[in-house]
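Here is the structure we will look at.
The values are calculated or read from the model by the stated rules, or taken from the named source; none is laboratory data. Quantities reported herein were computed from a predicted structural model and do not represent experimental measurements. Cβ coordinates were reconstructed from backbone atoms using ideal geometry, including for glycine residues, and neighbour counts include every protein chain displayed.
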């Protein structure tokens, strides 16, 4: 049985970007809608309304494919400043109950309400009040999960979406986890799930049957995490001062790039944009990562870690060029380039990792 001393809430806004657009434009309500680029400009879906999801449309899907699935799909360009403002409204609601708030992104966060400002003994009651306050102040719905740790709270919040509330008591954790499909486990990505399925690990009880030594042998340090969540155990604390892991910029091109010279010119723009972003946050780092996506959507990354902090534009340019030289681009078309700095220095600002998409 997992630890039962903590009371954790996970709040996840329902189709956040799309819901904001439907809230602000009555003509969009009840209709399939995506926030993202249009098919003619090689866009990608950033968010899909629940009406769009019924057609099998989801985030990160190419807009062209989304349009094929639903010919009357509405495409809306993102308004990130609006989403950020609404997100800040929502966080202010969280802070009415606790200062132990760990934002994961603009639309979700963990809250530790074991000890809370309202002296409410029930985490479920707090979750109900937060949901009601969010709807009253923003006109939007949120789903909430309540449990004794972050993993279970996260799994609970996705159980009754949209506008759901689900509670997993400590004594219910084992039963909840043992029948859960391995692809549904938070922290198990597509590649890891495929590897687990090859190993015969299909549901939580299969994962629980594996020893710690076996899981560490297959999955490295993540094996410890998998061993714990198979038993409903997650000892991670809600971190109100979550350290930013990376800062990045990327551009998805309306027309595929051809030729190394053209690509290097775009890479130079990313170098300057990344330098500007680092300066905004007073950050430097030790690891630079180059991201590239070919026209056929194959994606690859190349990274290099150095022994001294990278902050000057000349250093970023030199490393970026070195990484780009390692990539095969002759006779290839490229639809996306990106640069990111990680292993940031301690002076970098706190909050969740961010990726900035540049206009083209």
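Checking the stated criteria, residue 184 turns out to be assigned by TED's automatic domain parsing to the domain that holds residue 220 and within 23 Å of residue 47 (Cα to Cα). Residue 238 - would you say it is touching a strand residue (DSSP E or B) at 6+ places or on another chain (Cβ under 8 Å) and in a loop (DSSP other than H, G, I, E, B)? For residue 238, the condition - touching a strand residue (DSSP E or B) at 6+ places or on another chain (Cβ under 8 Å) and in a loop (DSSP other than H, G, I, E, B) - is met.
When each of 254, 320, 295 is tested for being under 12 Å from residue 335 (Cα atoms) and in contact with a helix residue (DSSP H, G or I) (Cβ under 8 Å, 6 or more places away or on another chain), the lone residue that passes is 254.
The strands (runs of 3 or more DSSP E) falling completely within segment 81-180 that include 1 or more residues that are under 25 Å from residue 48 (Cα atoms) and at pLDDT 95 or above map to 108-112, 142-147, 165-167. Checked across segment 243-250, the condition of being within 24 Å of the chain's Cα centre (by Cα), surrounded by fewer than 16 Cβ atoms within 10 Å (Cβ to Cβ) and either part of a helix (DSSP H, G or I) or modelled with pLDDT of 95 or more (or both) holds for no residue. Listed by first and then second residue, the pairs linking a residue in segment 19-38 that is on the phi > 0 side of the Ramachandran plot to a residue that is part of a helix (DSSP H, G or I) and crowded, with 22+ Cβ neighbours inside 10 Å, with Cβ atoms under 7 Å apart and 6 or more places separating them unless they lie on different chains, are 36/63. Examine segment 259-273 for a residue that is exposed (fewer than 13 other Cβ atoms within 10 Å of the Cβ) and either part of a strand (DSSP E or B) or touching a strand residue (DSSP E or B) at 6+ places or on another chain (Cβ under 8 Å) (or both), and state whether such a residue exists. No, there is no match, as no residue in segment 259-273 is exposed (fewer than 13 other Cβ atoms within 10 Å of the Cβ) and either part of a strand (DSSP E or B) or touching a strand residue (DSSP E or B) at 6+ places or on another chain (Cβ under 8 Å) (or both).
The conditions of being under 24 Å from the mean Cα position of the chain (by Cα) and outside any loop (DSSP other than H, G, I, E, B) are not met by residue 232. The numbered conditions (1) part of a helix (DSSP H, G or I); (2) in contact with a strand residue (DSSP E or B) (Cβ under 7 Å, 6 or more places away or on another chain) are all true for residue 64 except (2). For segment 79-115, a residue qualifies if it is in contact (Cβ under 8 Å) with a residue 60 or more places away in the chain and over 22 Å from residue 21 (Cβ atoms), and the qualifying residues are 94, 99, 100, 101, 102, 110, 111, 112, 113, 114.
Within segment 205-226, the set of residues being crowded, with 16+ Cβ neighbours inside 10 Å and under 23 Å from the mean Cα position of the chain (by Cα) comprises 219, 223, 225, 226. Annotation note: of 134, 201, 130, the sole residue that is touching a helix residue (DSSP H, G or I) at 6+ places or on another chain (Cβ under 9 Å) and more than 30 Å from residue 23 (Cα to Cα) is 201. Considering (1) at pLDDT 90 or above; (2) assigned to a helix (DSSP H, G or I), the lone condition that residue 291 does not fulfil carries the number (2). Of the residues making up segment 282-293, those that are in contact with a strand residue (DSSP E or B) (Cβ under 7 Å, 6 or more places away or on another chain) and surrounded by fewer than 17 Cβ atoms within 10 Å (Cβ to Cβ) are 286, 287. Residue count for segment 36-61 under the criterion of being more than 17 Å from the chain's Cα centre (by Cα), modelled with pLDDT under 95 and part of a loop (DSSP other than H, G, I, E, B): the result is 4. Of all the listed residues (101, 76, 86), the sole one being buried (at least 19 other Cβ atoms within 10 Å of the Cβ), within 25 Å of residue 112 (Cβ to Cβ) and in contact with a strand residue (DSSP E or B) (Cβ under 6 Å, 6 or more places away or on another chain) is 101.
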